[in-house]
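What follows is one structure encoded as C-alpha cells, with my remarks underneath.
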Amino acid sequence: MNSRPHKQSMSELKLRRLTEHNQRLREDLARPRIRVSEASASLIRYCKTTKDPLVPSVWGPVPRADDPYQSQGGAGKGCCTIQ
C-alpha cells in the first residue's frame with residue numbers, strides 16, 4: 001500500500017514537467033519570427049549604411065570629432081596618473 005502514494009507523486013511530477021514543457025513550447029511559438037531572407041537583407045543593409053571607425057580601409061579615415069574611440073579629453077591630457 002505504500003507504493004500507491006509514490007506512484008501518484010511520480011505521476012504528478014510527470015504531469016508538472018509536461019505542463020512546464022508545454023508552457024515553454026507555447027512561449028517559443030508566440031515569439032515573433034521573420035524569414036531568413038528578410039533577416040539577411042536587413043543585416044546587409046545595416047552593414048552597408050553603418051560606418052565602422054575600426055575599419056578605415058573600407059570607410060576611409062574618420063574625422064576626430066566623429067570618432068567614438070577618440071579620447072574626449074583635451075590634447076596632451078591623459079586619463080591616468082602614474083605616481
## Note on the structure
Pairs returned, first residue in segment 40-52 that is open to solvent by 100 Å² or more (accessible area, probe 1.4 Å), second residue that is part of a helix (DSSP H, G or I) and hydrophobic (A, V, I, L, M, F, W, C), beta-carbon separation under 8 angstrom, 6 or more apart or interchain, are LYS51/TRP59
### Query
Taking helices (runs of 4 or more DSSP H) that fall entirely within the chain, which contain at least 1 residues that are modelled with pLDDT of 80 or more and over 28 Å from the mean Cα position of the chain (by Cα)?
3-30
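The values are calculated or read from the model by the stated rules, or taken from the named source; none is laboratory data. Since the structure is predicted, the reported quantities are computational estimates derived from the model, not experimental observations. Ideal geometry is used to build each Cβ from the backbone, glycine not excepted, and the neighbour counts take in all protein chains shown. Areas reflect the complete protein model, heavy atoms only, side chains present, ligands, DNA and RNA absent. Shrake-Rupley method; radii C 1.70, N 1.55, O 1.52, S 1.80 Å.
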